[in-house]
Amino acid sequence: MNRRNLLRMAAGLGGSALMTKREAAAQERIARAVRAMPSPKIKDVQVIQTAPAGLRLPVVKILTDQDGLYGYGCACFTQRADLVVPAVEKYLGPFLIGKPADRIDDTWQMLYNSSYWRNGPVLNNAISGVDQALWDIKGRQAGMPVYQLLGGKVREAADCYGHASGTEIAEVIDSARRWMERGFRHVRVQVGVPGMAGYGSRGGTTAVKALHSAPVFEPAAYIRRALKLFEECRKQLGDEVELLHDVHERVTPTQAVQFSKDVEKFHLFFFEDPLSPEDIAWFRLIRQQCATPIAMGELFNSPHEWSPLIIERLIDYIRVHVSQAGGLTPCRKMAAMAEHFNVRTAWHGPGDVSPIGHAANVTLDVVCYNFGVQEYSPFNEALQEVFQGCPAQKDGYLYPNEAPGWGIEVNEKAAAKYPFGYGEQGERKRLNGGWGEVRKRDGQIIKQ
Ligand code: CO
């Protein structure tokens, strides 16, 4: 024992007085570095209900017993948003109060199993809100963006695609050109079918004779129109741009097989949702007959749906709606499994995902080796007013925020200015934000 330590011992508790200021500061730094971070406990679970862009975005906020330590998570099921709120407040909240906020996987498993009946969209979105809020908290606690907690970047930013649409083919091409001028290398193209309620674009003023007064859709007319669109796009936009298209599960299984073969020559980057989740066994036929890259999954809730498609290599891109699958925790595992089968990710990223959800998407994009492409929706002014620190887009690349956690602060005062139902009119308002009906000419309802 050297003389200085002996002196300190002799001085007992007052020994610290013998330390120089510099020594004390150094000791404190070491102590902080080696001491486990104190475990925060969940104090309150709330749901922020906001619709700054006219789409209902339920966002979970978890507060902890540590002053100023809280987090946000995306629980966006816009079509049934009102149901997600009590699922969080009445069922998950009471279960979570007093539990540690730093056991994310454990909490996920606990919530997932606690309802016994599981894998439904309302409960999965509710769990996602909690799961992502806990990741946000952990990031804030560590002083790191979540992508750092997951191992850090494997790429600088996420290549993303914008939506080009129009009633006429020429409008779609103009819209695609605007995306390309902004630096985008990938564009999704959707054209209206005259007189019909096509997905992704309006059908114009032509009237279609039908045995009912609801919006009309006929798959054969849509397929013919879409094939013309791709042909014109290649003629006018060239071969360099990556074209994507969303069928939105609106054709029969055999039409899906034929359509996938017919688009092969246009070299799409991917062909999305040619089949519905109920028809996934038909993917084998598409795979056997053509090399069109297939993207699938935004309606998936359960591992029973995505696992076989990945393991059998029946799809090229898994494009799950992260909150619908239960949040970052299950999707990170899904991505890791997909990596082994060389299936790439293309997380669902339309306007009905909150900026918190987009932050989770881009986090997965930059940390997962098997990333494919990211769907992008611009954040309007109102969204940026409520969600401060939205992921930044530049030249068609999306960047995660560098601030701790998701790097997003929710301005709750601003959020309250845009309650659920904000900007809704007519049928949408009457249906409380839900989707209506689309029927064939003869009155048969279709999947939308
Ligand atoms: Co889609």
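FYI, it's all coordinate maths here, none of it is from the lab. Quick caveat: nothing in here was measured; it's all calculated off a predicted structure. Cβ sites come from the backbone with ideal geometry, for glycine too, and all protein chains shown count toward neighbours.
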Given pairs LYS21/LYS43; LYS90/LYS413; LYS99/LYS333; LYS99/LYS429; LYS138/LYS447 and cut-off 31 Å on Cα-Cα distance, the over-length ones are LYS21/LYS43; LYS99/LYS429; LYS138/LYS447
Whole-Hz Karplus couplings 3J(HN,Hα) for the stretch 23-28, θ = phi - 60° and coefficients 6.51, -1.76, 1.60, Gly and Pro as x, run 4, 4, 5, 5, 4, 5
Assertion target for CYS290, CYS233, ordered by fewest C-beta neighbours within 10 angstrom first, is CYS290, CYS233
Rounded to the nearest 5, the percent of antiparallel DSSP beta bridges in the chain equals 50
Magnitude of the Cβ-charge dipole (Lys and Arg +1, Asp and Glu -1) of the chain about the Cα centre, nearest 20 debye, reported as 1040
Once amide hydrogens are built 1.01 Å from N within the peptide plane, the residues lying 5 or more places from LEU398 or on another chain with amide H under 5 Å from its amide H are ALA158, ASP159, CYS160
Along the stretch 367-374, Karplus-curve 3J(HN,Hα) (6.51, -1.76, 1.60; θ = phi - 60°) to the nearest Hz, with x for Gly and Pro, reads 9, 9, 4, 8, 6, x, 7, 10
Footprinting proxy, LYS265, LYS43: sorted fewest to most Cβ within 10 Å, the residues are LYS265, LYS43
Around GLY423 (Cβ within 15 Å, Cβ-to-Cβ, excluding GLY423; K/R +1, D/E -1) the net charge comes to 0
So, for the Cα atoms of the stretch 149-407, Rg and Dmax in Å stand at 18.2, 57
Relative contact order in percent for the stretch 19-93 (Cα pairs under 8 Å, 6+ apart) equals 25
Projected onto the charge dipole of the chain (unit charges on the beta-carbon of Lys, Arg, Asp and Glu, signs +1, +1, -1, -1), the Cα from TRP117, LEU149, GLN132 with the largest positive-side position is that of LEU149
If each K or R counts +1 and each D or E counts -1, the residues other than GLY405 whose Cβ falls under 15 Å of its Cβ total -2
Most exposed to least, judged by fewest other Cβ atoms within 10 Å, ARG56, ARG439, ARG118 sort to ARG118, ARG439, ARG56
Computed about the Cα centre, the charge dipole of the stretch 283-370 from +1 Lys/Arg and -1 Asp/Glu charges at the Cβ has a magnitude in debye, to the nearest 20, of 200
In order over the stretch 112-129: 3J(HN,Hα) from phi, Karplus 6.51/-1.76/1.60, θ = phi - 60°, whole Hz, x for each Gly or Pro, gives 4, 8, 6, 8, 6, 7, 9, 6, x, x, 5, 5, 4, 5, 4, 5, 4, x
Here the net charge surrounding PRO194, from other residues whose Cβ is less than 14 Å away from its Cβ (Lys, Arg +1; Asp, Glu -1), is +3
Between GLY405 and residues 5 or more places away or on another chain, the pairs with built amide H atoms under 5 Å apart involve GLY139, ARG140, MET144, VAL146
